[in-house]
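S.K.: Below you will find the structure I want to go over with you.
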Amino acid sequence: MKSYLHIICENPRYPCHLRSFYPVIAFVAFFCFSCTMQKKSQEVSQSDMPMDTAVVHIDEGKFIEYLQTLAQDDQSIEKERIDSALDKALNENPASFKYTVSLFEKYLYNPNSPIRNEEQYLIVLQYLCHSQAITEAEKILYSSQLKMLSKNRIGETATDFEYISATGKKEKLSRIQADYLIVFFNNPDCSDCVRVKNILSFINNPHIKIISIYPDSDLSVWKKTSYPSSWINGYNYETINQLYDLKAIPTLYLLDRNKRIILKDADVEEIIKFIEQI
């Protein structure tokens with residue numbers, strides 16, 4: 001029998017189907033970055049992010065190192081350092097501030113970023129929503145992001161939702177009984193969704209159930225797609241995008257028996273690593 005590692009290696013990752021306005025070039029940039037980035041052991045503080053006041057210039061390499069060191073801090077220090085970096089950029093000039101904000105969004109929020117961290121980006125959003133340095137239009141945008149990211153956080157109970165099963169019956173997430181539940185938001189036309197489905201299909205553990213949810217309105221694509229018979233298969237395109245932040249698909253959640261979120265927006269490799277320890 002093939003191990004999960006062999007299955008993953010035989011199903012290399014391709015770009016996910018984006019559900020927002022990130023260009024394809026973002027994937028290429030992050031792919032190149034993730035292949036060449038080397039971990040550095042030295043600590044980098046916010047003062048190590050040089051800014052030229054004449055022109056907007058931030059050393060992105062230093063910025064990435066700075067973000068990596070944030071993960072070593074506790075939450076209060078993490079917030080203090082992020083707020084300090086934003087204050088410094090704002091004191092330089094408006095252009096530096098906007099560019100710094102864009103880097104935080106690029107590396108912490110973009111679904112294809114190899115160092116994506118929604119908890120850190122929440123700190124950025126909280127700062128922005130109380131800032132007088134952004135326009136009303138920007139405040140509306142960041143407030144909307146803050147509202148979505150504040151939903152379904154790790155450790156919280158996943159928002160319940162209804163779905164229509166493959167048999168046409170209306171069901172609810174909360175009614176599924178399982179020690180562990182993998183929620184797989186996907187689209188059959190998405191190449192990475194196919195890759196992830198192939199990997200998940202090898203899971204054979206009586207303590208784990210998988211529910212596949214199709215979040216789009218073109219049901220003809222979903223109806224002609226087959227899923228493993230052991231899976232729960234359904235769709236919800238009317239409310240799911242308001243309840244869950246589906247920036248890109250596939251999107252994976254891992255829940256415990258009480259529907260508390262163990263992993264959110266996780267890579268399939270993270271899911272596999274966790275369940276191998278069960």
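S.K.: How about the stretch 255-278: which of its residues are within 19 Å of residue 198 (Cβ to Cβ), in contact (Cβ under 8 Å) with a residue 60 or more places away in the chain and over 13 Å from the mean Cα position of the chain (by Cα)?
M.R.: 269, 271, 272, 275, 276
S.K.: Which residues, counting only those in the stretch 93-113, are more than 14 Å from the chain's Cα centre (by Cα), farther than 19 Å from residue 61 by Cβ and not basic (Lys, Arg)?
M.R.: So the first thing to find is which residues in the stretch 93-113 are more than 14 Å from the chain's Cα centre (by Cα), and the list is 93-104.
Those left that are additionally farther than 19 Å from residue 61 by Cβ: 93-95, 97-98.
Scanning the stretch 93-113 gives 93, 94, 95, 97.
S.K.: Can I ask one more? Take the stretch 218-259 and flag every residue that is among the aliphatic types (A, V, I, L, M) and modelled with pLDDT under 95. Lay out the reasoning, then the answer.
M.R.: Looking only at the stretch 218-259, we keep the residues that are among the aliphatic types (A, V, I, L, M), and these are 219, 221, 232, 240, 243, 246, 248-249, 252, 254-255.
Within the stretch 218-259, 221, 246, 248, 249 qualify.
S.K.: I'd like to check which helices (runs of 4 or more DSSP H) are fully inside the stretch 202-278 and have at least 2 residues that are within 23 Å of residue 156 (Cα to Cα).
M.R.: Values: elements: 219-223, 240-243, 268-275.
By residue number, 240-243, 268-275.
Each row is one residue, and each column tells you yes or no for (1) among the polar types (S, T, N, Q); (2) buried (at least 18 other Cβ atoms within 10 Å of the Cβ); (3) in contact with an Asp or Glu (Cβ under 8 Å, 6 or more places away or on another chain).
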{"position": "155", "(1), (2), (3)": "no, no, no"}
{"position": "190", "(1), (2), (3)": "no, yes, no"}
{"position": "203", "(1), (2), (3)": "no, yes, no"}
{"position": "207", "(1), (2), (3)": "no, no, yes"}
{"position": "218", "(1), (2), (3)": "no, no, no"}
{"position": "231", "(1), (2), (3)": "no, yes, no"}
{"position": "234", "(1), (2), (3)": "no, yes, yes"}
{"position": "251", "(1), (2), (3)": "yes, yes, yes"}
{"position": "255", "(1), (2), (3)": "no, yes, no"}
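S.K.: Please work out if residue 178 is surrounded by fewer than 17 Cβ atoms within 10 Å (Cβ to Cβ), over 16 Å from residue 242 (Cα atoms) and of a type in the set (A, V, I, L, M, F, W, C).
M.R.: No.
S.K.: Only one of 122, 86, 103, 90 is aliphatic (A, V, I, L, M), under 30 Å from residue 240 (Cβ atoms) and not assigned by TED's automatic domain parsing to the domain that holds residue 244; which? Break it down stepwise before answering.
M.R.: On the way: 86 fails: under 30 Å from residue 240 (Cβ atoms); 103 fails: under 30 Å from residue 240 (Cβ atoms); 90 fails: under 30 Å from residue 240 (Cβ atoms).
Exactly one residue qualifies, and that residue is 122.
S.K.: Condition first: under 18 Å from residue 177 (Cα atoms), buried (at least 16 other Cβ atoms within 10 Å of the Cβ) and among the basic types (Lys, Arg). Now tell me which residues in the stretch 257-278 satisfy that.
M.R.: 259
S.K.: Can I ask one more? In the stretch 105-118, which residues are under 16 Å from residue 79 (Cα atoms) and in contact (Cβ under 8 Å) with a residue 24 or more places away in the chain? Walk me through it before giving the result.
M.R.: Our first condition is that a residue be under 16 Å from residue 79 (Cα atoms); within the stretch 105-118, this holds for 105, 108, 117-118.
Listed by number, the residues that qualify are 108, 117, 118.
S.K.: Let me ask you something else. Just for the stretch 138-153: of the residues that are free of Cβ contacts under 8 Å to residues at least 60 places away in the same chain and within 26 Å of residue 262 (Cβ to Cβ), which one is surrounded by the most Cβ atoms within 10 Å (Cβ to Cβ)? It would help to see each step written out before you state the result.
M.R.: Initially, the stretch 138-153 is screened for residues free of Cβ contacts under 8 Å to residues at least 60 places away in the same chain, giving 138-147, 150.
Add one more test, that the residue is within 26 Å of residue 262 (Cβ to Cβ), and what stays is 145-147, 150.
Details: 145: 21, 146: 16, 147: 12, 150: 14.
Among them, the one singled out is 145.
The values are calculated or read from the model by the stated rules, or taken from the named source; none is laboratory data. Keep in mind it's a predicted model, so treat the numbers as computed, not measured. So basically every Cβ, Gly included, is an ideal-geometry build from the backbone, and we count neighbours across all protein chains shown.
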